[in-house]
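The values are calculated or read from the model by the stated rules, or taken from the named source; none is laboratory data. The shown structure was predicted, so the numbers you read here are calculated from the model rather than taken from an experiment. Glycine also receives a Cβ, built like all others from the backbone with ideal geometry; neighbour counts cover every protein chain displayed. Ligands, DNA and RNA are excluded from the accessible area calculation, which covers all protein heavy atoms including side chains. Shrake-Rupley method; radii C 1.70, N 1.55, O 1.52, S 1.80 Å.
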Amino acid sequence: NKPFIEINCSTIPANLLESELFGHERGSFTGAHETKQGLFELADQGILFLDEIGDMPLEMQTKLLRVLESGTIRRVGGKEIIPVDVSIIAATNKDLQKMVEEKTFREDLYYRVSVIQITMPPLRERCEDISHLVNYFIAKFNISLRKNITGISQDAFEILENYNYPGNIRELRNIIERAMLLSANTELSSEQFLYLQSKIPSEKSANLPEKKQKVIIDTDASFKEFKQKSVKELEKEYLTALLTKEQGNVSRAAK
């Protein structure tokens with residue numbers, strides 16, 4: 001029942017990060033038209049989540065350490081010392097120990113924030129999570145994209161399961177969103193993920209099932225009619241696969 005405030009340290013310019021975290025007084029700098037509370041004040045009695053703390057400038061690391069040690073802040077341009085009681089959760093995709101050795105991250109701040117460490121393995125090392133995440137993203141994008149996708153075929157899922165995800169969960173999110181944008185059916189099929197197969201290591205790719213072409217022959221139709229219908233369906237499959245390969249870029253596909 002207490003505040004949970006988050007900030008991505010990599011998206012805030014260094015000259016604005018101090019104001020975002022600690023607040024500022026009116027007139028303390030150009031554009032400061034009114035007094036503003038910082039995130040530490042807003043998160044008082046709660047949690048402040050510092051995402052990508054490894055991207056925080058060294059100068060700000062010094063100021064953050066002082067706040068964590070003293071339990072107080074002072075707004076930019078202010079004189080009042082303001083006590084805050086905030087728990088810190090910090091996350092990064094960088095090797096902070098290596099940064100400490102390279103003098104790009106303060107050693108004292110590293111030990112101050114790493115009281116309890118939780119290492120999140122990359123997605124490629126926890127394949128059992130993929131199905132849960134796929135279902136979550138399908139439900140999410142069904143709402144925002146106004147789709148009615150009910151699930152994913154087994155051969156399509158096997159492609160996703162064998163992919164390495166250098167971009168982790170964010171990449172999987174984009175993959176599902178792209179597939180749903182390109183799909184005209186209620187189930188995501190392997191056609192929407194063919195472009196991933198070339199990026200799958202050969203030893204994994206060898207285990208993927210081959211796509212079998214299902215041909216339904218209408219013996220009541222003439223050969224000419226059957227041929228026209230078959231070519232039309234093949235053309236549709238080709239264009240769909242081509243658009244998928246070009247990630248929906250019509251100009252590149254047309255070329």
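Multiplying the residue separation of residue 68 and residue 111 by 0.36 nm and subtracting their alpha-carbon distance yields 14.3 nm.
Across all directions, the average projected area of the convex hull around the alpha carbons of the stretch 73-211 is 13.7 nm².
Given 37 °C and 0.692 mPa s, compute D for the stretch 40-126 with the Stokes-Einstein relation, Rh being the Kirkwood radius over Cα pairs; round to the nearest whole µm²/s.
Values: Rh = 14.3 Å.
Reported coefficient: 230 µm²/s.
Against the main long axis of the alpha-carbon atoms of the chain, helix 223-245 sits at an angle near 20°.
Do the alpha carbons of any pairs in 103/199; 36/147; 199/229; 2/36 sit beyond 31 Å of each other, and which pairs?
Values: 103/199 36 Å; 36/147 41 Å; 199/229 33 Å; 2/36 20 Å.
103/199; 36/147; 199/229, as the Cα separations exceed 31 Å there.
Short to long, the 5 Å bins of the Cα pair-distance histogram for the stretch 1-85 hold 3, 15, 25, 27, 20, 9, 1, 0 percent of all pairs. Relative to the longest principal axis of the Cα atoms of the chain, the long axis of helix 130-144 lies at roughly 90 degrees. Helix 168-182 and the long axis of the chain differ in direction by around 40°, with both axes built from C-alpha atoms. Annotation: for a label point projected 7 angstrom from Cα along Cα→Cβ of residue 26, residues of the stretch 60-85 with backbone N closer than 17 Å are 75-80. Between rounded, prolate and oblate, where does the stretch 111-179 land on the alpha carbon gyration tensor, with a ≥ b ≥ c its root eigenvalues, rounded for a/c under 1.5, else prolate if a/b exceeds b/c? Because a/c hits 1.5 or more and a/b exceeds b/c, the stretch 111-179 counts as prolate. Return the carbon/sulfur percentage of the accessible area of the stretch 35-118, one whole number, probe 1.4 Å, all protein chains in place. Ligands and nucleic acids excluded, carbon and sulfur reach 49 percent.
Both numbers refer to the Cα atoms of the stretch 36-76; Rg and Dmax are 10.6, 27 Å.
Solvent-accessible surface of the chain, averaged per residue with a 1.4 angstrom probe and all protein chains in place: 66 square angstrom. Beta bridges from DSSP with both residues in the chain: antiparallel share about 25 percent, rounded to the nearest 5.
From the largest down, the chain spans 90, 42, 40 angstrom on the principal axes of its Cα atoms.
Taking 0.36 nm per intervening residue step and subtracting the Cα-Cα distance, what contour gain separates residue 237 from residue 252 on full extension? Intermediate values should be presented prior to the final figure.
Details: separation 15, 0.36 × 15 = 5.40 nm, distance 1.71 nm.
Contour length minus the Cα-Cα distance gives 3.7 nm.
Once the Cβ-Cβ distance of residue 226 and residue 147 is raised to the sixth power relative to R0 = 41 Å, the FRET efficiency obtained is 0.80. Candidate cross-link partners of residue 232 among the aspartates and glutamates, defined by an alpha-carbon separation under 19 Å and a same-chain spacing of 8 or more, comprise 191, 218, 220.
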